[in-house]
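Every number here is computed from the coordinates shown, using simple stated rules; none is lab data. This is a predicted model, so every value here is computed, not measured. Virtual Cβ from ideal backbone geometry, glycine too; neighbours counted across all protein chains shown.
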Amino acid sequence: MSAVQITGCSGAGKTAIAAVLARRGLAAIDADDDPLLARSVDAAGNVVEEPEEPDFAWLSQHSWAWNPARLDELIRAAAPATLYVCGGADNELELADRFTQVFLLEIDEPTMLARIDARQDNDWGRIGDTREYLRRRLPELQDRLRAFGPSPSTPGSPSTRWWTRYSPTRWLAPPLAEPASGAISPAVPPDPRNRQASPEDDRSTIS
């Protein structure tokens, strides 16, 4: 069994990537589309309903978390194929050992806000205090993921895991557009000894 995660902040292009990978015949999911996997939880881990207009008080006391058991179930169900999990969660670093590779989609604030305003199937970032919450969280989130990625694998973690950072502004034109070939390159080159097949192995590279 193997799985690859494609993560990033809201608006980074995770949903678009999931659609591209699925069209190429790969086992790919948008994590946010599975309510058994991704859900809002309180500090005790209890699943809760998100209010229609989340304010800072509510957002500070709740998190978007993945259910580890459901993630394991999805990975097993996809076997022997590699499952591409496109999405992020507040507890994603705790579950990083499920993945052989993790890709971080980097995004700047203007691009994030423009994409949030343009999308029609998700109002997160336009309701309640979610917009300002995302603005404040973007630098912290990306810094935290960058810091985790380039560091050496910890004992017991998969030796094949390495992180590559992509700038979505180079390849995400309109949502779900077919990408242009060869428009991206790894910001952190992987160790070739740890190399495994990944999305960019397709000659029509996600770019």
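Values computed for the structure shown
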| read-out | value |
| --- | --- |
| Computed over the stretch 1-149, the ratio Rg/Rh where both radii use C-alpha atoms and Rh is Kirkwood | 0.95 |
| Positive-end residue, the stretch 83-129 charge dipole about Cα centroid, Cβ charges, pick of PRO110, THR100, LEU83 | LEU83 |
| Label-to-label distance, nm, for residues given as VAL48 and ARG135 (7 Å Cα→Cβ offset) | 2.5 nm |
| By average C-beta atoms within 10 angstrom, highest first, the peptides 89-97, 38-46 | 89-97, 38-46 |
| Amide H contacts of ILE6 (H built 1.01 Å from N, under 5 Å, at least 5 apart or other chain) | VAL85, CYS86, GLY87, PHE103 |
| FRET efficiency estimate (nearest 0.05) - Cβ-Cβ, GLN61 to ALA147, R0 25 angstrom | 0.50 |
| Backbone HN-Hα couplings from phi across the stretch 81-90 [Karplus 6.51/-1.76/1.60, Hz, Gly and Pro as x] | 6, 7, 9, 9, 9, 9, x, x, 8, 5 |
| Segments 4-13, 28-37, 132-141 sorted - mean Cβ within 10 Å per residue, highest first | 4-13, 28-37, 132-141 |
